Amino acid sequence: MKLNRVIFGLLLLGIVLNGISVVLVATLGRPPAVMTPLTTLVIFSFAVLHSGASLGWRRGVALLAIVAATGLAFESVGVATGAVYGPYHYTDQLGPKFLGLVPYLIPVAWFMMIYPSFRIADLLAARIVPGGFLRGMLTAALAAVAMTAWDLAMDPMMVMAGHWIWEQPGAYFGVPVQNFWGWWLTTFTAIAIYLLVRRWLPGKDEIVPPVTWAATSYAAMGLTTVITDFLAGLSGPGMVGLFAMLPWAVIGWTVNRAKPA
């Protein structure tokens with residue numbers, strides 16, 4: 001199928017761009033500013049097309065809209081009040097901001113990583129709970145853990161790069177521990193809302209294109225973050241991120257779906 005070739009091509013392009021970023025960090029100290037939004041948009045496009053092809057386009061668009069709206073809402077409240085993640089603000093490095101608070105690239109990044117986290121978590125939840133409401137809540141909870149695992153490696157690196165600033169640095173390599181609870185809550189809320197409204201949306205749940213492709217995008221972003229941590233002298237977050245994300249990548253590559261949702 002032509003669409004599957006496009007999806008796979010975007011996945012490969014995202015992997016290549018991640019590799020280029022690592023090489024540039026190793027040789028120049030940091031990649032050009034354009035690399036972060038470019039890589040994010042490519043992997044985001046992969047996630048959008050993969051979700052539409054495997055979940056059905058109405059469900060895929062609904063998931064995108066819910067994740068983007070939830071992420072933008074939580075982040076906006078977080079920046080304005082400090083109540084969700086702890087007090088922080090974004091610099092101008094990630095581009096224009098919604099209401100002067102949150103870069104428009106941020107909800108794009110939320111979907112880029114929440115989507116594969118959701119698909120991996122759903123594989124595991126299907127093995128634990130056959131179906132129904134409990135499976136949905138377990139999927140949301142596990143997806144939130146998988147998503148937060150990425151931030152354990154990513155957040156200290158992005159702070160070092162000057163993308164955002166914690167006004168009250170915390171105990172985890174300068175990041176407030178509250179931030180990770182906020183990440184879990186944001187992801188859980190988005191996936192839970194999607195799973196609640198999904199029943200009213202016509203769609204499907206297929207393994208073509210394979211869920212392993214989504215798991216590979218998760219692993220590629222995670223590995224790039226971990227390697228960059230080590231190159232930047234952030235070996236602590238790098239080690240934590242490696243061990244936090246590796247199990248989810250392995251689950252995505254090895255666990256077969258028990259039955260369609």
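Brief remarks on what is shown
- Projected label points at PHE243 and LEU196, each 7 Å from Cα along the beta carbon direction, are separated by 3.6 nanometres.
- Dipole magnitude of the chain about its Cα centre (Cβ charges: Lys, Arg +1; Asp, Glu -1), debye to nearest 20: 1000
- Accessible surface area normalised per residue over the chain is 42 Å², counting heavy atoms of protein chains with a 1.4 Å rolling probe.
- Neighbour-limited loop hits for chymotrypsin sites (Phe, Trp or Tyr not before Pro), the stretch 150-257 (at most 16 other Cβ within 10 Å; DSSP other than H, G, I, E, B): TRP200
- Selection from GLY100, LEU38, THR139 lying farthest towards where the dipole of the chain points positive, charges on Cβ: THR139
- Normalised contact order of the chain, rounded percent, pairs of Cα under 8 Å and 6 or more residues apart: 26
- Ligands, DNA and RNA left out, the accessible area of the chain computed with a 1.4 Å probe is 73% carbon and sulfur.
- For mean projected area of the Cα convex hull in nm², computed directly from the structure shown, the correct entry in (i) 16.7; (ii) 12.9; (iii) 15.5 is (ii).
- nm² value of the averaged projected area, convex hull over the Cα atoms of the stretch 117-261: 9.1
- Annotation: extensible slack from ALA80 through ASP92 equals 2.7 nm (criterion: 0.36 nm per residue apart, minus Cα-Cα distance).
- Between the stretch 188-230 and the stretch 1-53, the C-alpha centres lie 15 angstrom from each other.
The values are calculated or read from the model by the stated rules, or taken from the named source; none is laboratory data. Quantities reported herein were computed from a predicted structural model and do not represent experimental measurements. Don't worry about glycine lacking a Cβ; one is built from the backbone with ideal geometry, like all the others, and counts go over all protein chains shown. Note: accessible area is taken over every heavy atom of the protein model, side chains too, but ligands, DNA and RNA are not part of it. Shrake-Rupley method; radii C 1.70, N 1.55, O 1.52, S 1.80 Å.
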